[in-house]
1. Ranking R270, R192 by Cβ neighbours within 10 Å, fewest first, what do you get?
2. If you split all Cα-Cα distances of region 158-207 into 5 Å bins from zero, what percentages do you get per bin, shortest first?
3. List every residue whose amide H lies under 5 Å from the amide H of K8, counting only residues 5 or more places away in sequence or on a different chain, with H placed 1.01 Å from N in the peptide plane.
4. On average over all directions, what projected area in square nanometres does region 109-252 have, based on the convex hull of its Cα atoms?
5. Taking only C-alpha pairs under 8 Å that are 6+ residues apart, what is the relative contact order of region 92-154 in percent?
6. For region 240-253, take each phi angle, set θ = phi - 60°, evaluate the Karplus expression 6.51 cos²θ - 1.76 cosθ + 1.60, and give the result in whole Hz per residue in order, putting x for glycine and proline.
7. Compute the helix-to-body angle for 134-145: its Cα long axis versus the longest principal axis of the chain, expressed 0 to 90° and rounded to tens.
8. Return Y77, Y39 ranked ascending by Cβ neighbour count within 10 Å, so the fewest neighbours appear first.
Amino acid sequence: MILNGKTKVVGVIGWPVEHSLSPPMHNAALEWLGLNWVYVPFAVAPERVGEAVQGLRGLNLVGLNVTIPHKAAVLPYLDEVSPEGWLLGAVNTLTNRDGFLTGENTDVEGFLRSVQETGWDLAGRRVVVIGAGGSARAVCLAAVRAGAASLTILNRTLERAEEVAALLAPALGPTPVQALSLRDPEAPEAVRSAEVIVDCTPVGMYPHHQVPPVIPAEWMRPGQLVCDLTYNPRRTVLLQAAQKAGAETLEGVGMLVHQGALALERWTGRPAPVEVMRHALLAALSERRRNGGGTAAEQRLNGA
Ligand code: NAP
């Protein structure tokens, strides 16, 4: 990569940001596309978010990804926010078109694309989402948008599941939504009778990768698709249990690749080289594993 006076800049803001896998994934794609662009991680302290977003205009950056903890904090500084971004109260992709800043949430479509790769379609399926945090909200919206037959939000804290159900109300259409506690006596049957289960909790994430899965193997069965958004490790305890129970499985890497690919497509206007991005991401994950599984910052984020 040779940087010169014509190099265009994209990147990611987060705090911390050193754990981000987006730089290797995006730089591999930019190189493959033959673009004189570079993707840079920017560590932005929470009190500097407004200045960082203004900096997009000042420095004429093409766009930025936004990661924890800034996904909601950037909203007041944007000229336009996509309907998904408004509904979720969070965006992960900013685009600068001649100083006009747009915010979008590509997690919703990114999740759907990763499911499509398995040959599954959420339309007409009974879906259970476990968790009620940022990623669960995006996946719930994806299920509703795709026309799921029903959606059950299962969470450790019932009130948070109820909040997500209420948040989705404007987008609901015909999909009935139910909020349940993970400890509810109805929870095992809700999971068993579902066709698609998505774990949006960090349970099983490195370095706590040997804990029991968020739901036991007995709750799963053949004929189901079990997805885990956690991608480090790729084969989480939940996916191992699901496989033993005879269910199909989907790793979190796919969503990570597709949300990034969608951002790149917004910025470049060209189809993203998805397989190049996946390859670079998996290589970066393997490298991380060889180095002990994660950076100090990632271990802090993972509750280590
Ligand atoms: P978050 O906003 O912090 O939400 C975490 C959720 O998990 C909460 O609902 C929490 O329940 C629940 N939870 C936490 N620990 C639990 C436990 N021990 N038992 C049961 N439930 C528990 O997190 P997030 O940002 O949504 O991320 C969740 C996971 O998804 C992480 O592993 C993250 O890396 C991954 N992720 C992957 C992608 C991707 O592209 N593949 C994208 C985003 C996130 P309470 O409400 O009761 O606290």
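1. Numbers: R270 11, R192 16.
Ascending number of Cβ neighbours within 10 Å: R270, R192.
2. Values per bin, smallest distances first: 4, 15, 20, 28, 20, 9, 3, 1, 0.
3. Here W37, V38 satisfy the definition.
4. On the way: hull surface 29.9 nm².
Orientation-averaged projected area of the Cα hull: 7.5 nm².
5. Working: 79 pairs, mean separation 19.9, N = 63.
Once normalised by length, the contact order is 32 percent.
6. Values per residue, Gly and Pro as x: 5, 5, 5, 4, 4, 7, x, 7, 7, 10, 9, 7, x, 4 Hz.
7. Value to nearest ten degrees: 70.
8. Values: Y77 17, Y39 25.
Listed from fewest to most nearby Cβ atoms, that is Y77, Y39.
Computed from the coordinates by the stated procedures, all read-outs in this text should not be read as laboratory data. Since the model is a prediction, treat every value here as computed from it, not as a measurement. Here Cβ is always computed from backbone atoms with ideal geometry, including for glycine, and neighbour counts include all displayed protein chains.
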